[in-house]
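The values are calculated or read from the model by the stated rules, or taken from the named source; none is laboratory data. These numbers come from a predicted model, not from an experiment. Backbone-built Cβ (ideal geometry, glycine too); neighbour counts: all protein chains shown.
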Amino acid sequence: MISKLPDLGTTIFSVVSQLAAENNAINLSQGFPDFEIDRDLPELLYRSSSEGHNQYALMSGVKPLRQGISEIIKNIYKRDVDPDSEITVTSGATEALFAAISAAVSPGDEVIMFDPSYDSYEPAVLLNQGIPVRIPLTFPGYHIDRERLRSSVNSKTKLIIINSPNNPAGSLISEEDINLLKEITGNNRNIYILSDEVYEHIVFDNKKHYSMLSDDELFKRSFVISSFGKTFHITGWKVGYCTAPGNLTSEFRKVHQFLTFCTSTPSQFALAEYIKNTDRIRELGGFYQKKRDLFLELIAGSGFKPLGCRGTYFQLLDYSEITDENDFDLAVRLTKEIKVASIPVSVFYKDKTDNKVLRFCFAKEDDTLIKAAELLRSVK
């Protein structure tokens, strides 16, 4: 068989997590929490299943959940969205990303994305015979190079992928970025935006999350991707959703129905009940900011230099004062020798740019962070 993705192998997340398991290392690589979820969630899941919600859901998602999502969007972003025609529940954010890219991209279309770039974007573009155009974010702030973005747009540009808060960088887009996107797309009705906002509720230091849902002009051409897995620490439930105008949602659903058709029914009914308590979302940023601050406090005085983290639950650490090793080799060595696993940031770049930076996940129990930091401080 001729491979459609000949240059791709096993994801770095699987590689490092297996290495961590083999070496009994503390796993700060893959982005999943090691603490217990809210006890209400499994109870609601059990109740949902016990009440008979065990068969196929509607392809678009169960109505109570879509209605609940629309209320969240109205409360946070001041936008009225139609739960029937503008919200689609998906089997995780990765499925939503693939469906949106597949709906928008035709052979030969160019798709702009920013490095460091989450690893599922480019494969989806390639499988749809699109052409990835990867623009590096500025280092060390990881901001959009607005002049380079402007000069990269041409008649073949079909989609611009935004990820804010950014994984792995933890950076946020700005009001100036929003204005540039309006400038770029305003003169071209054929350019769309895919906004990966799965960490939308995990923002720190009183910073603002600029969502495509907040802007009338940009929302008209945007697919906005969100994740309950990230928001409620239930990554294994694989429940996400896409919010988009009716015309884009119609095309999105044409793809979605042949990927997974529908998402776990009892999970949807459980979440529909759970999100009625809006405090659970409002408190999320503060919850993770405490963990970020704890991790930074614990590694203070080490050879690692923290880079700015304004959102997500990942902290980048610059190790250039410790060693000249490339980031992949150092990540492997730290996993084997000091028993702490991380992700080398070069894997998020097309050209494997190595800025001597590793990514650490702080969505962990405090005891886990304390143990990991003690080991990291020993690195010379």
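Identify, by number, the condition in (1) under 22 Å from Ile343 (Cβ atoms); (2) in contact with a Pro (Cβ under 9 Å, 6 or more places away or on another chain) that Thr138 doesn't meet.
(2)
Take the range 16-36 and flag every residue that is surrounded by fewer than 14 Cβ atoms within 10 Å (Cβ to Cβ), more than 14 Å from Glu337 (Cα to Cα) and not acidic (Asp, Glu).
Gln18, Phe35
Say we look at the range 1-44 and pick out the residues that are closer than 19 Å to Lys352 by Cβ and small (Gly, Ala, Ser); which of these is nearest to the chain's Cα centre (by Cα)?
Ser29
If the requirement is being among the polar types (S, T, N, Q) and either within 15 Å of Thr263 (Cα to Cα) or buried (at least 17 other Cβ atoms within 10 Å of the Cβ) (or both), which of these qualifies: Ser50, Ser106, Ser3, Ser70?
Going through Ser50, Ser106, Ser3, Ser70 in turn, the sole match is Ser70.
Please verify whether Ile173 is crowded, with 20+ Cβ neighbours inside 10 Å, aliphatic (A, V, I, L, M), touching a helix residue (DSSP H, G or I) at 6+ places or on another chain (Cβ under 6 Å) and under 28 Å from Lys364 (Cβ atoms), treating the condition exactly as stated.
no
Could you list all residues from the range 1-29 that are modelled with pLDDT under 90 and either in contact with a Cys (Cβ under 7 Å, 6 or more places away or on another chain) or of a type in the set (Val, Ile, Thr) (or both)?
Ile2, Thr10, Thr11, Ile12, Val15, Val16 - these are the residues of the range 1-29 that are modelled with pLDDT under 90 and either in contact with a Cys (Cβ under 7 Å, 6 or more places away or on another chain) or of a type in the set (Val, Ile, Thr) (or both).
Only residues that are among the aromatic types (Phe, Trp, Tyr) and either without any contact (Cβ under 8 Å) to a residue 12 or more places away in the chain or under 15 Å from Ala331 (Cβ atoms) (or both): list them for the range 13-53, please.
Taking the range 13-53 first, the residues among the aromatic types (Phe, Trp, Tyr) are 13, 32, 35, 46.
Across the range 13-53, the qualifying residues are Phe13, Tyr46.
Among what's in the range 156-197 and is in contact with a Leu (Cβ under 8 Å, 6 or more places away or on another chain) and modelled with pLDDT under 95, pick the residue that is farthest from Ile144 (Cα to Cα).
Result: Thr185.
Can you tell me how many residues in the range 107-138 are polar (S, T, N, Q), under 20 Å from Thr94 (Cα atoms) and out of contact with any Phe, Trp or Tyr (no Cβ under 6 Å at 6 or more places or on another chain)? Give the derivation first.
Start the filter on the range 107-138 by keeping residues that are polar (S, T, N, Q), which leaves 117, 120, 128-129, 138.
Now drop any that are not under 20 Å from Thr94 (Cα atoms), which leaves 117, 120, 128-129.
Still in the running and out of contact with any Phe, Trp or Tyr (no Cβ under 6 Å at 6 or more places or on another chain): 120, 128-129.
Going through the range 107-138 one residue at a time, the tally reaches 3.
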